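One structure below.
Every number here is computed from the coordinates shown, using simple stated rules; none is lab data. Just so it is clear, the model here is predicted, and its values are computed rather than measured. Using ideal geometry, Cβ is built from the backbone for each residue, glycine included, and neighbour counts are taken over all protein chains shown.
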């Protein structure tokens, strides 16, 4: 039996996601918990480089300003608003966590049977392991936060430095935090797979994730880097989607130019924005479902068969 390759991994993930559009919805909700790999850390690092005029960093403790006059009605309004916001957050966290578990469960069942099924079974299994899935995601978020905090303090200290050794330290810290985020994300997805697929507890799942990662370190890192390249491709696709989204708006703009009507121009712009947001939602849901399914395939194959490293394969052929 030939060992599964990266091409098979990507092909099987495509089959399971493309032929079941309902997984795109699960992928869209689960993306609220963040993606696995570099993509979840790039945006945060970018925002950390935004320094205000006072030179203070606010990425760790965001400030919320409320206009409170001090009377009873203002206090009740703040409590009411806080309750609504908290309810929405709880609902989104519930949907995101359950969708993530259901997506992993569905992909695993498809890889075993090659048959599509209704979402009720994987959804029920995800509900069964809801709190365990939630705990793993919390641990992942905390670990990423701590790594970002360390990098933030280093960046704050060396940002204005013109010294070459200090610049090297800053660059090295950036590389380390990126690989730390990739390492945390890989352990997280493996632990989630161990929870949902194998039915393990949190500690046993983390131990299993570490065992698989330690035995397949190069393969895991190579797949992570490959998906990083896919994220750049995703940005290009979103840019192309903007062109198609605003194509119908051109008709409204032409009509607005001929009739000199500002309302038609506004309608065309609003239509383009709406269509672009719809396309972004579809692309994000598909991409997250696709990458998660690929990680599930890797997890299942690493149990017994294993997957050969392309880097080792390259050096073997180069020195043969």
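Numerical summary
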{"read-out": "Gap separating the Cα centres of the range 263-279 and the range 190-217, nearest whole Å", "value": "45 Å"}
{"read-out": "Footprinting exposure proxy for 85, 193 (fewest neighbouring C-beta atoms within 10 Å first)", "value": "85, 193"}
{"read-out": "Relative exposure of 259, 9, 291, judged by other C-beta atoms within 10 Å (fewest first)", "value": "259, 9, 291"}
{"read-out": "Sites residue 130 and residue 235, calculated FRET efficiency, Cβ-Cβ separation with R0 30 Å, nearest 0.05", "value": "0.35"}
{"read-out": "Footprinting exposure proxy for 89, 104 (fewest neighbouring C-beta atoms within 10 Å first)", "value": "89, 104"}
{"read-out": "Separation of the residue 32 and residue 228 label points, Cα + 7 Å toward Cβ, nm", "value": "2.9 nm"}
{"read-out": "Rounded to whole Å, sorted largest first: equivalent-ellipsoid semi-axes of the range 240-281, Cα gyration tensor", "value": "21, 9, 4"}
